[in-house]
Amino acid sequence: MGEKLIVTPSPHIKSPRTVKGVMLGVVISLLPACVGAVVLFGMNALLILITSVVSAVVAEALWQRATKQEITVGDFSAVITGLLLAMTLPPGVPLYVPAVGSVFAIVIAKQIFGGLGSNFVNPALAGRAFVLAAWPMSVAGAWLNPLTHDAVSSPTPLAVLKGGGTNIPGLWDLLIGNRTGSLGETSIILLLLGGLFLLVTKIIDWRTPVGFLGTLFVGTWIFGKPGALFQGDGLSAILLGGAVLGAFFMATDYVTSPVTPKGRLIFGIGAGLVTLLIRLWGGYPEGVTYGILFMNLMTPIIDRFVVPKYYGYEHDARARKSAEGKR
Amino acid sequence: MKFISIMLGGILIQNFVFMQYLGLCPFLGLSEQMDTALGMSGAVIFVMTFASTVAAAFEQFILVPLHLEYMRTIAYILVIAGFVQLVEIFLKKTVPSLYKALGIYLPLITTNCAVLGVALLNARQSYGVLWGTVNGLAGALGWSVAIIIFAGIRERWKFMNIPGTLKGFPLALVATSLMALSFQGFSRLFASVLK
């Protein structure tokens, strides 16, 4: 007998998909929007992106070196964290903001808990929430005009809406990203391109972004206009702010979102609701960050209570009882 | 309107754990398992609500008429500790099942600074008996939401490769700060509508 019989525990069916492969896919899907950010906002955007990614990767490598672990920066997860954090920042922030944010995201939000797969909040969003709390003026006020790159003191479209105004850019400008906003959130078409790539390659589940954006659309349509129901501008609501970026690239993070399909739908809807709550009635113009962070906290509970049906499960309580008796 | 405002304030905006840093000892100590977290939540909701009532009544009918407001802290500590002991005796005699369900958590609550905290906050806001009770309930619900979420997160840590020096309380405190950061988004929620 030439062949050995190897006995191993399950699982026996392996997928060619690896952590590195998935992460690389996400990086590729983010690239068009990053290029768009550099075209729209110029060298500033490029510098912020580079600073953020380099600090994230260096922080991860140094931490793993210091704690004598295997250095895993080659899996691109730190690159994604850096890219996503940079994309949520305004193009005019001083460079220490993305640097500090990235280090916070990698070390405090991720590595302390045991590295990739152990963090309970999305590292990039935790980093953003941290720098937003630390330097509120420079993170919420350093906007640049697209293409002309001059610093503007005029607020973003969402802040205009929050102040009760109605003068926001038209639909086409919103789609190509010709508005003030964070680096990577404005070029909607390029973001959707990346999101579509992730959906087609089945890296992300459609339920989270659809639940998120759908809730935001319907909720804004119903409550968006003060004093009148069903007259809000739902379409602008999902094109403005970081909704598309968050829904496709942050809410779908494997580690911090539920594992079951139904759980993912609940996650998307919940994040949409909190975003809506903060946008319409909260203290901040934008709520995507906090919407996703809040649902990150809820993820363990969702996973605990939203369990798929057993194979052969029946709705009849008596049948279930007898089935449980047999198990 | 005031009811909604106090409720939202207690649960989301002015959450005892995340925004006022009260009741952290039981929050950190009893959040390792969902069962204990749920048990403690039940006990806190029960005691905090009614301790607020008792403390507010004590304030209104004894301290204020006798001009003894400067004795408030000491008086409240005694009133709350006494109240918890009375509740314990009462439950043991009359509702043994509830007493059993709350178990060790009931006496533990005497040490929960959030119970004293909410009573003192009520007095500072001069909420009176009715709204003081509502505020106590809201604060207790917020505290429970916090510990239940945290227990869900913490139960997963058994499977994580956490650096040894950070295990236990250090990591719990870091995690609490990250959760507080996430709740930051609710600050000034409905401020324009309710004021």
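Read the figures in this text as sums done on the coordinates, not as results from a lab. Here the structure is a predicted model, which means the values were calculated and not measured. Every residue, glycine among them, receives a Cβ derived from its backbone with ideal geometry; neighbour counts consider all protein chains shown.
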Can you compute the modelled spin-label distance between A:V259 and A:A66, with each label point 7 Å from Cα toward Cβ, in nm?
3.2
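Using only alpha carbon pairs under 8 Å that are at least six residues apart, calculate the relative contact order of the stretch B:45-121 and give it in whole percent. Could you put the intermediate results ahead of the total?
Working: 49 pairs, mean separation 33.8, N = 77.
RCO, the stretch B:45-121: 44 percent.
Given an 8 Å cut-off on Cα distances and at least 6 residues of separation, report the relative contact order of chain A as a percent. Show your work: numbers first, answer last.
Numbers: 529 pairs, mean separation 52.1, N = 327.
This gives 16 percent for chain A.
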When the C-alpha atoms of chain A are aligned to their principal axes, what extent does each axis show, in angstrom, from largest down?
75, 52, 32
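For the protein assembly as shown, what is the calculated [θ] at 222 nm in deg cm²/dmol (nearest 500), taking -39500 (n - 2.57) for each run of four or more DSSP H residues and dividing by its residue count?
Working: 24 runs with 310 residues, N = 522.
Using -39500 (n - 2.57) per qualifying helix, the result is -19000 deg cm²/dmol.
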Mind listing the phi-derived Karplus ³J(HN,Hα) values for the stretch A:290-295, rounded to whole Hz, using 6.51, -1.76 and 1.60 with θ = phi - 60°, and x for any glycine or proline?
6, x, 6, 4, 4, 6
Extreme residue, positive dipole direction of the stretch B:2-189, given options B:T53, B:P170, B:S5 (C-beta unit charges):
B:P170
Residue by residue through the stretch A:246-260, what is 3J(HN,Hα) from phi via Karplus (6.51 cos²θ - 1.76 cosθ + 1.60, θ = phi - 60°)? Round to whole Hz and write x for glycine and proline.
x, 5, 8, 10, 10, 5, 8, 3, 4, 5, 10, 10, x, 8, 8
Using only Cα positions of the stretch B:30-122, each an equal point scatterer, no hydration layer, compute I(q)/I(0) via Debye at q = 0.16 Å⁻¹ and quote the log10 values to two decimals.
-0.65
Size of the dipole of the protein assembly as shown about the Cα centre, Lys and Arg at +1 and Asp and Glu at -1 on the beta carbon, nothing else charged, in debye to 20?
1020
Filtered hits (lysines, Cα-Cα < 19 Å from B:K2, offset >= 8 within chain) -> B:K195
Under a point spin-label approximation (7 Å from Cα along Cα-to-Cβ), what is the A:I222-B:T165 distance to one decimal in nm?
5.1
Considering the alpha-carbon set of the stretch A:1-67 alone, what are its Rg and its Dmax in angstrom?
20.6, 67
Applying the Karplus parametrisation 6.51 cos²θ - 1.76 cosθ + 1.60 with θ = phi - 60° to the phi angles of the stretch A:201-218, what ³J(HN,Hα) value in whole Hz is obtained for each residue in order, glycine and proline being reported as x?
7, 6, 6, 10, 9, 5, 5, 5, x, 5, x, 5, 5, x, 4, 5, 4, 5
Please report how far the C-alpha centroid of the stretch B:17-71 lies from that of the stretch A:149-206, rounded to the nearest whole angstrom.
45
18 Å tail of the calculated P(r), the stretch A:222-318, as % of Cα pairs
52
Any idea what the relative contact order of chain B is, in percent, if you count C-alpha pairs under 8 Å spaced at least 6 apart?
42
Can you order the peptides A:10-20, A:110-120, A:257-267 by their average number of other Cβ atoms within 10 Å per residue, highest first?
A:110-120, A:257-267, A:10-20
Amide H of A:G42 versus every other amide H placed in the peptide plane: which residues, excluding those fewer than 5 positions away on the same chain, fall under 5 Å?
none
Take the residue pairs A:K110/A:K162; A:K262/B:K158; A:K14/A:K110 and return only those whose Cα atoms are more than 31 Å apart.
A:K110/A:K162
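Would you kindly work out the equivalent ellipsoid of the stretch A:47-163 from its C-alpha gyration tensor and give its semi-axes, the square roots of five times the eigenvalues, largest first in whole Å?
Working: eigenvalues 173, 39, 22 Å².
That gives 29, 14, 11 Å for the three semi-axes.
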